[in-house]
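Read through the structure below, which is laid out as structure tokens, and then see the notes.
What follows draws every value from the coordinates through simple rules; no lab data is involved. In this text the structure is predicted, and so the values were computed from the model without any measurement. Neighbour counts are summed over all protein chains in view; Cβ atoms, including those assigned to glycine, are modelled from backbone coordinates with ideal geometry.
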Amino acid sequence: MKLTFAHAGTERTLAKHNDVMRQLKAGVITNELAAQKPWLFRLVVEGKQRTFTLSSKDKEAVREAKDILNGQTQQPTGFAAFLAEKDAKRSITIGELATDWLAAGLPFRKTESRTPEAADRLRATINRALAWWATVPVATITANTLEDFAGHRKPALRSADLEMAAVSSLCQWAVFTARISANPLAKRPTFAKVGQHCHEACPDDDETLHKLLAYLFDPIVDIHHKETLTLSRLAAGTLAFCALTGLRPGEPAALLRVPPLAETPRHTRDLEPGTIFRDRAGALRMKVARLKRGQNPFVTLHPAAESFLSAWRSWLAANLPDAKYLFPLGTDDQTTLNRALNRASAALKLPHFKPHAMRAFYVKVRRSQGEDDATISGELGQTTNGELIRSVYGDPQDLIGGQLFDWLPEDTAPAWDLLAIQKPVVIQLPAIEHAA
């Protein structure tokens, strides 16, 4: 597949990439698909062959090739600057791009910034990724590069996926700011295999949820655990609020500790995350900050959530009076939540639970209350009209309606009642051998 044209009395040829030609010959792609790939123009400049990527459209590709030829002969100074810029973009490393991105505050693009909380979480991820990626030139990144990185991070493939997503966000910003021409991680595979859906990793019922929370609200911490009593309770509070509202595990961290509004606000756009108020229908609402550009920046605080928040605010006032945030776990909240759940599951001999599955527990309760998947999807900030509820969060065996679940245990007090009990931490020290 070639395209020829004449310029200044010389016949020139454009061609497709060798990979395209191999795929075409092997029957992997059709002529139509091959035609959609860019044309390449190879030109000898100062004794060295250079390759230029052109449009996939024949007429545009020929015009672009002629512009390059004219620039080489008629504007040598400008052409040299053009080549220098092209070489600079090819040699720039992920680390060099990251330095500029971090200094800029990790924005999406020139005109769109991330919230400080989202930037803090992304900063922690990109810094972990840079230990491997910093010296990698952008122009050299291929599918093999991604395989090499996943192999380096194995068996932590979920972490590899998250870190590559952060590098991809960096490269997308670099494209928007004209530092590179294309994002080499835009079409990347997912290396972590999904072993179970969220509904398979969430508590089976209200009683199991409160058993988990009770263990974390009132733990016995031994010398082998890094977690303190306060950290365990912070983890339990975050998990409880996710189950009660459907928030993602990282979303409570953005909620500010601000007093509820005495009156219904006329405008809600500028409310801070964490602001609580009653709407004109009498429902108690909280402003939240969604991750992944989620929609619907509000959750409804039903009576169980209201009960929890009352106990939680009292505990914060007594133990962390200067805390700015309602759930002040910090940037390592995902690690803390996983460790807390793993510890509780092992101690109580329960199945393995995941922080994100607290969102699925919210779905379980709302389905039990008779709500349809499209409505629940909106409550979670999704735009899939219930598709993710059906495919990820909801158990296909769920009974719709029936009032089987309501976030509260049937025969015991809510786990958060333990927050009112100030027990000392019990530390089990190893026995000390005394000299005879």
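For this structure, a couple of remarks:
- Region 94-176: radius of gyration and largest Cα-Cα distance (Dmax), Å: 12.5, 38
- Order of Phe108, Phe149 - criterion: other Cβ atoms within 10 Å of each residue's Cβ, fewest first: Phe108, Phe149
- Here volume of the Cα convex hull per residue in Å³ was calculated from the structure, and among (i) 246; (ii) 201; (iii) 146 it sits at label (i).
- Lys/Arg +1, Asp/Glu -1 at C-beta; the chain dipole; positive extreme among Thr99, Val20, Ala304: Val20
- Checking the Cα-Cα distances for Lys187/Lys364; Lys2/Lys25; Lys154/Lys349; Lys211/Lys354; Lys2/Lys48; Lys25/Lys57 against a 24 Å cut-off, the pairs over it are Lys187/Lys364; Lys154/Lys349.
- Amide H to amide H distances under 5 Å link Phe298 with Val288, where only residues 5 or more positions off or on other chains count and H is placed in the peptide plane.
- The coefficient of translational diffusion for region 262-388, derived via Stokes-Einstein from the alpha carbon Kirkwood radius under 25 °C and 0.890 mPa s, stands at 145 µm²/s.
- Counting neighbouring beta carbons within 10 Å and listing from fewest to most, the residues Asp100, Asp206 come out as Asp100, Asp206.
- Residues Met21, Met164, sorted so that the one with the fewest Cβ neighbours within 10 Å comes first: Met21, Met164
- Folded to 0 to 90 degrees: helix 58-74 orientation relative to the chain principal axis, Cα: 70
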